[in-house]
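The values are calculated or read from the model by the stated rules, or taken from the named source; none is laboratory data. Only a predicted model underlies this, so the values are computations on that prediction, with no experimental measurement involved. Here the Cβ positions follow ideal geometry from the backbone for every residue, glycine too, while neighbour counts run over all protein chains shown. Each accessible area value is taken on the protein alone, full model and side chains, heavy atoms only, with ligands, DNA and RNA left out. Shrake-Rupley method; radii C 1.70, N 1.55, O 1.52, S 1.80 Å.
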Amino acid sequence: MKKILVAAIFLLGLLAWAAGDDTPQERYIKRYASLAVKEMHRSGVPASITLAQGLLESGAGLSRLAKEGNNHFGIKCHVGWKGKTMYHDDDARGECFRVYDSPEESFRDHSDFLRYRDRYKFLFDLETTDYKGWAYGLKKAGYATDPKYPAKLIKYIEDYNLSRYDTMTPQEAAAMPAPPHKIETPVVVRPNTAVSVPVSEEFSFSLDRRLYSLNGVPFVYAMEGETYASIAKEYHLFKREILRYNDLKGNPELRPGTIVYLAAKKNKAQEGLEKYIVEEDGEDFHAICQRFAVKEKAIRKLNGLKEPVTLHHLDELKLR
């Protein structure tokens with residue numbers, strides 16, 4: 001009888017230990033870890049950060065937004081959102097939040113929210129294993145107002161060993177998308193060759209001018225006193241050609257430092273720059289297309305936009 005009692009006590013203890021380990025947090029991690037890893041390989045956001053944010057923002061998947069709207073990161077509607085919505089009290093009463101058809105859509109939107117907004121792009125210069133840098137960087141970029149936000153993320157990561165999901169093989173790391181800043185950085189093009197070199201390398205052309213390339217399109221930076229006509233003449237082009245290459249008409253003013261493309265821009269941006277998320281109301285559509293070396297007409301068609309294009313905070317522009 002004593003042996004049976006000891007065995008029963010041991011079994012109860014074992015069950016209690018197992019039950020204690022099967023917390024909402026553990027269940028959330030088991031369910032979504034593979035999805036977070038998949039997003040890390042696609043976007044560059046560390047899986048540990050995605051999981052920690054999901055745990056915190058969704059209450060381990062138990063929040064109303066997560067259960068009814070598949071919204072695991074508390075992303076609000078904003079003006080440009082065309083999907084389903086739901087209303088929930090947050091910073092104010094009855095705020096509009098995005099509703100997704102699946103958790104996968106929510107995780108993808110979260111990754112894109114970070115990768116394609118200028119304020120967060122510096123984070124992608126960090127290693128995916130630097131979860132502390134990411135946690136404090138998110139706070140620095142204004143992701144959350146809570147001063148303890150980084151510490152909360154770090155605690156989740158360390159309590160549940162989430163950093164184990166950030167490790168990759170050399171092959172997996174090589175297949176990761178380059179940081180947005182690196183893709184957007186122009187290169188200096190050597191004359192009479194297809195070889196490109198980093199912009200930091202010194203190379204002088206006639207008149208000490210450098211010829212740059214972005215998205216495979218050659219360009220120069222305008223200098224003091226130049227006009228579109230003078231640059232066209234320098235590169236044996238007609239003025240109307242250079243204006244067309246830069247989506248311009250008439251006789252526009254040319255300020256020093258302006259990018260002037262010397263060939264037709266592309267119909268889509270470089271790989272790794274799938275979209276651009278607008279930071280402020282009224283951003284200049286022409287300036288965005290110049291920045292990514294893409295044709296205005298192609299981007300309007302891709303996004304179903306009509307002229308004139310009016311942009312609002314957090315509108316998403318597909319770039320490819």
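Identify which of Tyr165, Tyr131, Tyr228 has the largest mean-square fluctuation in a Gaussian network model of the chain, with springs joining Cα atoms closer than 10 Å.
It is Tyr228.
Just order 264-271, 82-89, 232-239 by mean Cβ neighbour count inside 10 Å, highest at the front, would you?
Details: 264-271: 18.0, 82-89: 12.2, 232-239: 14.0.
For the peptides 264-271, 82-89, 232-239, the packing ranking is 264-271, 232-239, 82-89.
Give a residue-ordered list of calculated ³J(HN,Hα) values for region 32-41 (Karplus: 6.51 cos²θ - 1.76 cosθ + 1.60, θ = phi - 60°; whole Hz; x for Gly, Pro).
Each residue of region 32-41 in turn: 10, 4, 5, 5, 5, 5, 4, 5, 4, 5 Hz.
Considering just Cα atoms, how many Å³ per residue does the convex hull of region 116-168 enclose?
Working: hull volume 4.0 nm³, N = 53.
Expressed per residue, the convex hull around the Cα atoms of region 116-168 is 76 Å³.
Contact order normalised by length for the chain, with contacts defined as Cα pairs under 8 Å and 6 or more residues apart; what percent is it?
Once normalised by length, the contact order is 14 percent.
Which of the lysines could a cross-linker span from Lys301 if the Cα-Cα distance has to be under 16 Å and same-chain partners fewer than 8 positions apart are dropped?
Lys265, Lys266, Lys268, Lys275, Lys318
How much net charge surrounds Asp247 when only the other residues with a Cβ under 9 Å from the Cβ of Asp247 are counted, with Lys and Arg +1 and Asp and Glu -1?
+4
To the nearest 10 square angstrom, what accessible area does Val79 show with a 1.4 Å probe?
100
If you count only protein heavy atoms and use a 1.4 Å probe, how large is the accessible surface of Glu26, to the nearest 10 Å²?
50
Using 30 Å as the Cα-Cα cut-off, could you pick out the over-long pairs in Lys67/Lys155; Lys139/Lys295; Lys82/Lys121?
Table pairs above 30 Å Cα-Cα are Lys139/Lys295.
Of the residues Glu68, Glu274, Glu57, which exhibits the maximal mean-square fluctuation in a Gaussian network model of the chain defined by a 10 Å Cα contact cut-off?
Answer for the Gaussian network model of the chain: Glu68.
Tell me, in nm to one decimal, what length is gained between Leu62 and Thr23 on full extension, where the rule is 0.36 nm per residue of separation less the Cα-Cα distance? Before the final figure, lay out the partial values.
Working: separation 39, 0.36 × 39 = 14.04 nm, distance 1.18 nm.
Gain on extension, Leu62 to Thr23, equals 12.9 nm.
How much length is gained if the chain between Asp101 and Asp146 is pulled fully straight, taking 0.36 nm per residue apart and subtracting their Cα-Cα distance, in nm to one decimal?
So the chain would gain 13.3 nm between Asp101 and Asp146.
For Trp134, Trp81, what's the largest-to-smallest order of accessible area, 1.4 Å probe?
Trp81, Trp134
Mind jotting down a quarter of the surface of the convex hull over the alpha carbons of region 17-114, in square nanometres, one decimal?
Projected area, direction-averaged: 6.7 nm².
Per-residue accessible area for Arg244 at 1.4 Å probe radius, Å² rounded to 10?
140
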